[in-house]
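Below is one structure, written out as structure tokens; comments come after it.
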Amino acid sequence: MLRTTFWTDSNNGVLVLRLALGITFFLHGWHKVTHGIDNQIGVLVANGIPAFFMYFVYVSEVLAPILMVLGLFTRLSALSVILTMLVVFYVLPGPFFALTSFGSWNKELQLLFLAIGVALFFMGTGRYRVYNTGSRHWLLD
């Protein structure tokens, strides 16, 4: 019984997705904290997006992944990842459907981040979390 429930419990899958997206996204954000965002601001401005939107990256790539790993406000954190990845798809240079020299799509990492963010937005936190906020609103799960 224990073996069956462990391997079929979707909460385990949600935890893996939260950890994978949270940790990898945090590393992207930490790089921006330690090395600055001047280059990214230039890319945004060149694509017609006001520079102050770049400061949202600290929320999306530092705070949101920490909350996601802890299982706090996972849906809101996932929503910030989704919005960030949509902006990245818009501003990322190069043709949209180009392949790399290895035959992979040049935007596949961004697609994976977006897909996991969308999945977590729909699935929520799952059972494993540091603290249950007690909120009855689905967005605050």
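The values are calculated or read from the model by the stated rules, or taken from the named source; none is laboratory data. Given the structure is predicted, the values throughout are model-derived calculations rather than measurements. When we count neighbours, we look across all protein chains shown, and the Cβ atoms used for this are built from the backbone with ideal geometry, even at glycine. Calculation scope for accessible area: heavy atoms of the full protein, side chains included, ligands and nucleic acids excluded. Shrake-Rupley method; radii C 1.70, N 1.55, O 1.52, S 1.80 Å.
Details
- All other residues whose Cβ lies under 15 angstrom from that of Val87 are scored, Lys and Arg at +1 and Asp and Glu at -1, for a net of +1.
- Comparing mean-square fluctuations of Ala115, Ala46, Ala64 from a GNM of the chain with C-alpha springs under 10 Å, the top value falls on Ala46.
- For the stretch 127-132, Karplus couplings with θ = phi - 60° (6.51, -1.76, 1.60), whole Hz, Gly/Pro x: 6, 8, 8, 6, 8, 8
- Axis angle, to the nearest 10 degrees, between helix 108-123 and the longest C-alpha principal axis of the chain: 40 degrees.
- Cα-Cα P(r), the stretch 1-45, percent of pairs per 5 Å interval: 5, 18, 14, 14, 12, 10, 8, 7, 6, 4, 3, 0
- Excluding ligands, DNA and RNA, the accessible surface per residue across the stretch 15-141 is 59 Å² with a 1.4 Å probe.
- With 0.36 nm allotted per residue and the present C-alpha distance subtracted, the Leu70-Val33 stretch has 11.3 nm of extension available.
- Between Gln40 and Thr8, the C-beta separation translates, for a Förster distance of 41 Å, into a calculated FRET efficiency of about 0.45.
- Order of exposure, largest accessible area first, which applies to Lys107, Lys32 with probe 1.4 Å: Lys32, Lys107
- Interatomic Cα distance distribution for the stretch 65-141, bins of 10 angstrom, percent: 19, 40, 23, 14, 4
- Solvent exposure of Phe56, expressed as accessible area, is near 80 Å², computed with a probe of 1.4 Å over the protein chains only.
- GNM on the chain, alpha-carbon springs under 10 angstrom: the most fluctuating residue among Phe52, Phe121, Phe25 is Phe52.
- Rel. contact order, % - alpha carbon contacts under 8 angstrom, at least six apart, the chain: 31
- FRET efficiency for Trp138 and Ala51, using Cβ-Cβ distance with R0 set to 30 Å, rounded to 0.05: 0.35
- For the chain, the longest principal axis of the alpha carbon atoms and the long axis of helix 10-35 meet at an angle near 30°.
- Accessible carbon and sulfur surface of the chain relative to its total accessible area, %, 1.4 Å: 72
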